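Worksheet: one structure, shown below.
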Ligand SMILES: Cc1cc2nc3c(=O)[nH]c(=O)nc-3n(C[C@H](O)[C@H](O)[C@H](O)COP(=O)(O)OP(=O)(O)OC[C@H]3O[C@@H](n4cnc5c(N)ncnc54)[C@H](O)[C@@H]3O)c2cc1C
């Protein structure tokens, strides 16, 4: 079979808000490849409803946005990262507006309409009705399609990163990735001077999630295997309100509904949030998700209800057209009845450790967006800070690449992907079975409320699965399902390991065995045995499988 090699200045793995913003911010003389596992719009970005947090109102301030983020983050936010993000928020939004993103304006003043969400002390969420992610993604896609220096590769799945020794320092550096071309069913080699992981989160590791199918933590797993540190993986945000309906797959009911006055109710109709937090429905997400989980378990209920029917039908139609239309498809008229809801895995707060320019531990490897750990979110992400983080860090990483790329030596030709010892699988059921098993035990044992016993059970199971997956991976040709399963197992192990190490309850990590919060807040920093920042190369370490 012909071996295919691609050469670019920059390889961007991911086409969501982070990856596309970075690609557009790079100087136009650089050749850039952007990969997407499916269609360009297949990541989480398109699904974002609520909006983007930014300091835009004269009554608001950087200090206030910083203080709210630190408060939500449960003592674990890195204040420098929070300040960096918030201080650059206005500029990030202005860039999107210049790109043509159509944010909603207030009818009376004509100014951009700002909404409020849980944890925010001001109205600071700029939005495009209730489909902000779609507006942002569409704006970015339009621009990248028109950019002559950017090549787009849809249905290309990165399998693993390529490492080579830097000719000058002998230190390892990243020089691209092996990538499965799904249409041609072959693994191709992408060589480049700088590689950017913009591959989104890992919420697919849980049975119930608001995320699209590709959110399997590929970037985190690839970076870990390549020797990068990963931090705070135990902090998985569960969105409190996902539509509960047998036919609705992963449909989120935005927090903005609660921001505009929607009330959470038990099946009896009773409002209950005041028993859990003085801010009631506007309490931080973790508090709301745990309250719902608690009440569902106490009552044995399949779901609870979110009610906005006390607002006028015109108001609901104007502010929440997508949610209203989608619920109507399932026979629920939100202008006159409450919406059945359950919590679901929503956001990965931890990820690949990076600095304010998105540098990871491996030279010339960057990570931005949900796959990264910048320190912004701490133990709990504040609503609408994530799209902001995508844009701000995409811009800072692009600036760093633009500054440094002239000094990076062209990589030597990488070895071809080696398929000489593998055959076509005749037992794909192994993959689908292990996918289901993994996601179910993560939901049952490593979900909203944890215990040592549950985590030990999960740890035992994930090790068995890892062994089986490794054997399968070594013997059969790769497919996108196998790549994702292999990555999900790595991410699951990292989550379990981090959760077992945290002997307290903080933010999104709640343990019945350790309900108290420790006085000193410490990140869960996992260091791989092949820690890249310390690897000095004697001979070329490339592994092709
Ligand atoms: C339903 C929902 C609502 C949300 N609402 C909001 C909101 O209102 N405000 C807010 O700030 N945040 C919100 N979020 C979170 C926010 O949308 C995400 O954190 C953000 O979009 C992540 O962007 P990203 O660019 O990092 O990744 P994504 O947009 O997820 O994109 C990931 C990209 O990586 C590609 N990829 C992954 N693995 C590979 C691989 N192995 N090879 C090649 N390509 C790969 C995917 O194909 C995709 O193109 C919401 C999330 C969801 C799911």
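Summary of values
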quantity	calculated
log10 of Debye I(q)/I(0), alpha-carbon scatterers only, for region 438-488 at 0.24, 0.29 Å⁻¹	-0.87, -1.06
Mean separation of Cα contacts under 8 Å (6+ apart) over length of the chain, as relative contact order %	22 percent
Calculated FRET value between residue 336 and residue 4, using beta carbons and R₀ = 45 Å, to 0.05	0.20
Helix axis angle, 385-404 relative to the chain longest principal axis, alpha carbon, degrees	30 degrees
Length-normalised contact order of region 156-241 in % [C-alpha pairs under 8 Å, at least 6 apart]	20 percent
Distribution of pairwise C-alpha distances over the chain, 20 Å bins, in %	23, 57, 20, 1
Packing rank of 84-92, 127-135, 489-497, 24-32, where each peptide gets the mean count of other beta carbons within 10 Å, highest leading	489-497, 127-135, 84-92, 24-32
Mean residue ellipticity (222 nm) of the chain, computed from DSSP H runs ≥ 4 via -39,500 (n - 2.57), nearest 500	-10500 deg cm²/dmol
Where N is the number of residues in region 239-346, Cα Rg divided by 2.2 N^0.38 Å	0.98
Packing-based ranking, highest mean first, of 454-460, 396-402, 215-221 given that Cβ atoms within 10 Å are counted	215-221, 396-402, 454-460
Global form of region 36-165, assessed from the alpha-carbon gyration tensor, a/c cut-off 1.5	oblate
Whole-angstrom Cα spans of region 28-98 along principal axes, big to small	38, 28, 26
Sorted peptide list for 94-100, 358-364, 437-443, 201-207, criterion being average Cβ within 10 angstrom, highest first	201-207, 358-364, 437-443, 94-100
Relative contact order %, region 239-346, counting alpha carbon pairs below 8 Å whose residues are six or more apart	37 percent
Separation of the residue 309 and residue 440 label points, Cα + 7 Å toward Cβ, nm	3.6 nm
Nearest 10 degrees, 0 to 90: helix 62-72 Cα axis against the chain principal axis	90 degrees
Region 186-250 and region 340-354: distance between their alpha carbon centers, rounded to Å	9 Å
Fewest-first ranking of 77, 242, using other Cβ atoms within 10 Å as the exposure measure	242, 77
At R0 = 30 Å, FRET efficiency that the Cβ-Cβ distance of residue 275 and residue 518 yields, to 0.05	0.70
Fewest-first sequence of 209, 115 by Cβ atoms within 10 Å of each Cβ	115, 209
Kirkwood hydrodynamic radius of region 206-300, Cα pairs, Å	15.6 Å
Euclidean distance between Cα centres, region 79-107 to region 256-312, Å	30 Å
Where the Cα pairs of region 429-520 fall when distances are cut into 10 Å bins, in %	16, 44, 25, 12, 3
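Rule-based calculations on the coordinates, nothing more; no lab input. For clarity, every value in this text was computed on a predicted model and none was experimentally measured. Cβ atoms come from the backbone with ideal geometry, glycine included; neighbour counts cover every protein chain shown.
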